[in-house]
1. Mind checking Rg over Rh on the chain, alpha carbons, Kirkwood formula for Rh?
2. Go through Y34, Y133, L241 and say which Cα lies farthest out towards the positive end of the charge dipole of the chain; charges sit on Cβ, +1 for Lys and Arg, -1 for Asp and Glu.
3. List every residue whose amide H lies under 5 Å from the amide H of A33, counting only residues 5 or more places away in sequence or on a different chain, with H placed 1.01 Å from N in the peptide plane.
4. Fully extended, how many nm does the chain gain between E199 and K232 (0.36 nm per residue separation, minus their Cα-Cα distance)?
5. Label point 7 Å out from A33 along Cα-to-Cβ: which residues of the range 69-90 have amide N under 11 Å?
6. Using the Kyte-Doolittle scale, find the helices of the chain whose mean hydropathy is at least 0.0 and whose Cα atoms extend 20 Å or more along the helix's long axis, counting only whole DSSP H runs.
7. Taking R0 as 45 Å, what FRET efficiency do you get between M188 and Q44 from their Cβ-Cβ distance, rounded to the nearest 0.05?
8. Which percent of Cα pairs goes in each bin when the distances of the range 56-149 are cut into 10 angstrom slices starting at zero?
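Any read-out appearing in this document is the output of simple, stated calculations on the displayed coordinates, not a laboratory observation. Bear in mind the structure is a predicted one, so any value in this text is a computation, not a measurement. Ideal geometry is used to build each Cβ from the backbone, glycine not excepted, and the neighbour counts take in all protein chains shown.
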Amino acid sequence: MRKFIIIFLLVSFSTAAYGATGAPVTYQVDGQAYEGYYISPFEQAPLVLLIHDWDGLTDYEVIRANMLADLGYAVFALDLFGAGVRPTEVVDKRQHTGELYKNRQKMRALMNGALETARKKGANVENAVAVGYCFGGAAVLEWARSGADLKGFVTFHGGLKTPEGQDYSKARGKFLILHGTADTAIPMEQFADLAVQLESAGVNHEMTTYGGAQHAFTVFGQERYHETADKKSWRRFVDFLSDTLKP
């Protein structure tokens, strides 16, 4: 946890030195309040839409957003649970994610609503990539299957299973899937199945696994954090953004 706090302070200082200042954004989707986070280093900066893990939008996503802003990207971190809903107990995390897994139309509406909010904030939504961690990765793929008009879709140790009745026939943009080979929550069988589906649909994709990396391998301060896999996957992500988004 101490290492986590130190990283947060270093990133916050670096981002402030770059000139970007992030702030919470309260917005409405279908009459319900949500609270995201927006940061932009300059007007019309390339945009990253960041989707949180199953504990909601926390300091972790803010740190990642600030890291990206320091590299010249605007970031809108979405909220899929609702303002003030940041579950800490496993039973509550399962409840909130389970509700959205059962209601895929609502999940898509929330992501589209957040995209519209980013547009209203002045974000360049025409030059955007979506990225998600764990549950957020599953949400990113859901968004992609809906035909979302984004330039890229990225998952870090995200859910990879395709729901019955869905496919990637409407998918646009490029895909980057970053996964841990030692992930028992999302086994390699699902990774392989997704590769077959993307290839079959003619989707431009790249998929990488990291040996020894377990589920949630990028989460600082956690027991399963894998420093080597985190650093390697982050470098590939940054290169992907550079290759995919216009400066």
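1. Reported Rg/Rh (Cα atoms, Kirkwood Rh): 0.93.
2. L241
3. Those lying under 5 Å, H to H, from A33 are A83.
4. Net length gain for the segment: 9.5 nm.
5. 83-85
6. Passing helices, by number: 2-18.
7. For R0 = 45 Å, the calculated efficiency reads 0.65.
8. 15, 49, 31, 5
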